[in-house]
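Asker: Sharing a structure with you now.
The values are calculated or read from the model by the stated rules, or taken from the named source; none is laboratory data. Every value quoted in this text rests on a predicted model; they were computed, and no experiment measured them. We place every Cβ from the backbone using ideal geometry, glycine too, and count neighbours over all the protein chains shown. What goes into the accessible areas is simple: the full protein's heavy atoms, side chains included, and nothing from ligands, DNA or RNA. Shrake-Rupley method; radii C 1.70, N 1.55, O 1.52, S 1.80 Å.
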Amino acid sequence: MEYEGMVYRPPSEAYSLIIQATIGCSQNDCIFCNMYKEKRFRMRPIQDVLADFREARECYNSIGKIFLADGDALICKNEYLNEILKYIREEIPECRQVTCYASPKSVMIKTKEELRELRENGLDMVYMGLESGNAQVLKFMKKGATPDEMIQSASKIKQAGIRLSVTAISGLGGRKLWMEHAVDTGKVFSAMKPDYIGLLTLMIEPGLPLEEKIRSGEFELITPYDNLKETKLMLEHMDCPGCIFRSNHASNYVNLRGTLNEDRDKMIAKLEKAIQGNLHLKEEWMRGF
Ligand code: SF4
């Protein structure tokens, strides 16, 4: 298999076969993200992608899950994706799940019929980064999508029968907008009704464009305790029955996991305990992406 540059995948795809259908991210402007900054976005030639699959087939007897990298594989034309999905169906029949990242733009340019076609051909779930439900935060962070576009994209994905996993980032509102970020993100999640929610916590890696905004005073980081208050407020505004909520990523100060809405109060109580100083927070040196 030929991998170009660093390859990222959602935590739940740790044991999946990863094949790059695209290189980089079609958006690539977000100032809090460094994942694909060194890559020029493009689709890989289909024969290269299929060659990777053939090689994987020769190496592994059983492939249970497949994740199509990089940043936004859903943006590829249906013709291209269908060829990949057809190969998987015919040559890797034991595969139980095929997933990829999806941006709101990649969803909006596809018709409902095209999304349904991908579902019928084996695309099971997409991962989407909401990051924040607050319009001002999304604009400042150059996410390239509005909260309304996020909600519309989620609705199209769900109508096509594709499962949806959405992430947001705690701390992204900074000191100025942490309350708005918490409340609006809770509300947008409630409107999107994803199957899974993942909440990460903002980390500033060296060279991140956001670092410059911190230096200039345009953006102020919140404290770990304010992060917990923010997550609590977000959960209080979340109404997503049946959704699996996880905030147990290496970047998070306190690990949370539960099913909404039934476990919401339990998770809020754990956060309250941590806010009161009765629960140990993850040390800074232990946090990571
Ligand atoms: S956050 Fe997502 S959409 Fe934004 S640059 Fe990073 S990978 Fe691309």
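Asker: Being within 29 Å of Asp148 (Cβ to Cβ), more than 16 Å from the ligand (Cβ to nearest atom), polar (S, T, N, Q) and not in a helix (DSSP H, G or I) is the filter here; which residues of the stretch 78-111 pass it?
Answerer: Thr111
Asker: Any residue in the stretch 16-45 that is in contact (Cβ under 8 Å) with a residue 40 or more places away in the chain and within 15 Å of the ligand (Cβ to nearest atom) sitting within a Cβ distance under 6 Å of a residue that is of a type in the set (Val, Ile, Thr) and open to solvent by less than 30 Å² (accessible area, probe 1.4 Å)? List the pairs, counting only those 6 or more apart or interchain.
Answerer: Ala21/Val49
Asker: If we keep just the residues of the stretch 139-151 that are over 19 Å from Leu199 (Cα atoms) and not in a loop (DSSP other than H, G, I, E, B), which is most open to solvent (accessible area, probe 1.4 Å)?
Answerer: Per the criteria, the residue is Lys139.
Asker: Continuing with this model, one more query. Which condition number in (1) part of a helix (DSSP H, G or I); (2) of a type in the set (Lys, Arg); (3) open to solvent by 70 Å² or more (accessible area, probe 1.4 Å) is the one that Arg257 fails?
Answerer: The failed condition is (1).
Asker: Now for a separate question. If I ask for residues that are open to solvent by 20 Å² or more (accessible area, probe 1.4 Å), in a loop (DSSP other than H, G, I, E, B) and of a type in the set (A, V, I, L, M, F, W, C), which ones from the stretch 260-289 would you list?
Answerer: If the condition is that a residue be open to solvent by 20 Å² or more (accessible area, probe 1.4 Å), in a loop (DSSP other than H, G, I, E, B) and of a type in the set (A, V, I, L, M, F, W, C), then Leu279, Leu281, Phe289 are the ones that fit.
Asker: Hey, another quick one. Answer yes or no as to whether Ile75 is at pLDDT 95 or above, within 16 Å of the ligand (Cβ to nearest atom) and open to solvent by 30 Å² or more (accessible area, probe 1.4 Å).
Answerer: yes
Listed here are the residues, each with its yes/no results for (1) more than 20 Å from Asn28 (Cα to Cα); (2) buried (at least 16 other Cβ atoms within 10 Å of the Cβ); (3) free of Cβ contacts under 8 Å to residues at least 40 places away in the same chain.
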{"residue": "Leu118", "(1), (2), (3)": "yes, yes, no"}
{"residue": "Val137", "(1), (2), (3)": "no, yes, no"}
{"residue": "Ser153", "(1), (2), (3)": "no, yes, no"}
{"residue": "Gly161", "(1), (2), (3)": "yes, no, no"}
{"residue": "Gly173", "(1), (2), (3)": "no, yes, no"}
{"residue": "His181", "(1), (2), (3)": "yes, yes, no"}
{"residue": "Ile197", "(1), (2), (3)": "yes, yes, no"}
{"residue": "Leu208", "(1), (2), (3)": "no, yes, no"}
{"residue": "Lys213", "(1), (2), (3)": "no, yes, no"}
